[in-house]
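**Q** Have a look at this one.
The values are calculated or read from the model by the stated rules, or taken from the named source; none is laboratory data. For clarity, every value in this text was computed on a predicted model and none was experimentally measured. Glycine gets a Cβ as well: all are built from the backbone with ideal geometry, and neighbour counts include every protein chain shown.
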Ligand code: COA
């Protein structure tokens, strides 16, 4: 038994009213509304309002909120030039991290440690509005495609799909992505949210906080897992090869992407929603092989390790079935989580205290004199 909390496991570092993650019961709610209820009855815009403003909007509030989002989509020329000149083979998460950071250069509202929460809320909304445009514009630019002007007649999910394809998205595709956005919108003190909170708690600015968060989300143990799932399914190739693949991973202590969770000890409550959508979409495409392989992996991991699928396990198949390129999966996670990161930053600013844990020192016990360089 360790005398410290490695990886801060089990440590409660702050209070939050935003999302309640019930790891033993497999439940997730945002400000007292179950995600099951929210995905049935609310759009991602309503959920973002809930997170940013602490209440579900009425019709007039929703309209004003949507209009502000839609009218704040345009990104500065300097960011567009960066997206057009960035290497075509760059990791889109690196491009997003840099693009979001650049937004802070020109947003005069982004003041260090600004106590004006109403001004901060507009910065938060602006980030939600612009993040998908950065992702989609880079995706187009790297293919040598034109960058269509942003529109103000589409929802967040619809607008992103329109920008990456250049075509009017179907209502079904919009609904699918909208649900995925809601399911990823917030999740307690996950690693990237922690990064955002640590950064803003130094009284840095909004852009610095979400830039930290994007860098943290990129890793394969966090948001990067959804890309890993599709790579893994491609590598396995066929249903009859799943058992041997899982055996090999377990024997060699290799992690299976999309399985396991630090907090959920039962099924991640977001997974069944994504699973349902993945089954429907792959059936429609006549490609049920992906979901069959996934289900077999999930069964084996449950039986052999008592580990369950997490949010990334089925979201990968959902995005794949929507025709979204694999390296945009994690950026899509960032687009959704931008709602939560910004809400958490707003909340941190309400009652902030610098995060400064300790480390257990395990270096040399005794001091040594510094030897002259010729004797080292
Ligand atoms: N595949 C295989 N074994 C896994 C596993 C996975 N995905 N996740 C956990 N395990 C095993 C570990 O090897 C360890 O086994 P051991 O006790 O025999 O050594 C045990 O389960 C505990 O794992 P640990 O890594 O200590 O759990 P954690 O709480 O630190 O990690 C994750 C949680 C999410 C980082 C981990 O489950 C993981 O790496 N999953 C894959 C990446 C992923 O899907 N991330 C997205 C999370 S939403």
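**Q** Hey, any hits in segment 188-200 for a residue that's in contact with a strand residue (DSSP E or B) (Cβ under 9 Å, 6 or more places away or on another chain), over 24 Å from residue 88 (Cβ atoms), surrounded by fewer than 22 Cβ atoms within 10 Å (Cβ to Cβ) and at pLDDT 95 or above?
**A** There is at least one residue in segment 188-200 that is in contact with a strand residue (DSSP E or B) (Cβ under 9 Å, 6 or more places away or on another chain), over 24 Å from residue 88 (Cβ atoms), surrounded by fewer than 22 Cβ atoms within 10 Å (Cβ to Cβ) and at pLDDT 95 or above.
**Q** Moving on. Between a first residue in segment 301-314 that is farther than 18 Å from residue 233 by Cβ and in contact (Cβ under 8 Å) with a residue 24 or more places away in the chain and a second residue that is near the ligand (Cβ under 7 Å from one of its atoms) and assigned to a helix (DSSP H, G or I), which pairs have beta carbons less than 8 Å apart while being 6 or more apart in sequence or on different chains?
**A** That search, which allows pairs on different chains as well, returns 304/250; 305/250.
**Q** Of the residues 38, 28, 18, 51, only one is within 16 Å of the ligand (Cβ to nearest atom), under 23 Å from the mean Cα position of the chain (by Cα) and touching a residue at least 24 places away in the same chain (Cβ under 8 Å); which?
**A** Numbers: 38 fails: within 16 Å of the ligand (Cβ to nearest atom); 18 fails: within 16 Å of the ligand (Cβ to nearest atom); 51 fails: within 16 Å of the ligand (Cβ to nearest atom).
Step by step, each of 38, 28, 18, 51 is checked, and only 28 is within 16 Å of the ligand (Cβ to nearest atom), under 23 Å from the mean Cα position of the chain (by Cα) and touching a residue at least 24 places away in the same chain (Cβ under 8 Å).
**Q** Further question on the same structure: Going through 180, 141 one at a time, which residue ends up being in contact with a helix residue (DSSP H, G or I) (Cβ under 7 Å, 6 or more places away or on another chain) and without any contact (Cβ under 8 Å) to a residue 60 or more places away in the chain?
**A** Exactly one of 180, 141 is in contact with a helix residue (DSSP H, G or I) (Cβ under 7 Å, 6 or more places away or on another chain) and without any contact (Cβ under 8 Å) to a residue 60 or more places away in the chain, namely 141.
**Q** Test each condition in (1) over 21 Å from residue 44 (Cα atoms); (2) near the ligand (Cβ under 10 Å from one of its atoms); (3) touching a helix residue (DSSP H, G or I) at 6+ places or on another chain (Cβ under 7 Å); (4) in a helix (DSSP H, G or I) for residue 226 and report the one that comes out false.
**A** Answer for residue 226: the failing condition is (1).
**Q** With the condition kept exactly as written, say whether any residue in segment 205-212 is at pLDDT below 95, surrounded by fewer than 24 Cβ atoms within 10 Å (Cβ to Cβ) and either touching a helix residue (DSSP H, G or I) at 6+ places or on another chain (Cβ under 9 Å) or assigned to a helix (DSSP H, G or I) (or both). I'd like the intermediate steps shown before the answer.
**A** To start, the set of residues in segment 205-212 that are at pLDDT below 95 comprises 205-206.
From the residues that got through so far, the ones that are surrounded by fewer than 24 Cβ atoms within 10 Å (Cβ to Cβ) too are 205.
After this cut, where a residue has to be either touching a helix residue (DSSP H, G or I) at 6+ places or on another chain (Cβ under 9 Å) or assigned to a helix (DSSP H, G or I) (or both) as well, the list is 205.
For segment 205-212, residues at pLDDT below 95, surrounded by fewer than 24 Cβ atoms within 10 Å (Cβ to Cβ) and either touching a helix residue (DSSP H, G or I) at 6+ places or on another chain (Cβ under 9 Å) or assigned to a helix (DSSP H, G or I) (or both): present.
**Q** With the structure loaded, tell me whether residue 65 is part of a helix (DSSP H, G or I), touching a helix residue (DSSP H, G or I) at 6+ places or on another chain (Cβ under 7 Å) and over 23 Å from residue 342 (Cα atoms) or whether it fails that test.
**A** In short, no.
**Q** Hey, among 125, 183, which residue is in a helix (DSSP H, G or I), within 16 Å of the ligand (Cβ to nearest atom) and either under 18 Å from the mean Cα position of the chain (by Cα) or at pLDDT below 95 (or both)?
**A** When all the criteria are applied, what remains is 183.
**Q** Within segment 253-271, how many residues are near the ligand (Cβ under 8 Å from one of its atoms), closer than 20 Å to residue 36 by Cα and in contact with a helix residue (DSSP H, G or I) (Cβ under 8 Å, 6 or more places away or on another chain)?
**A** The qualifying residues number 1.
**Q** Are any of the residues in segment 279-296 in contact (Cβ under 8 Å) with a residue 24 or more places away in the chain, within 15 Å of the ligand (Cβ to nearest atom) and part of a helix (DSSP H, G or I)?
**A** yes
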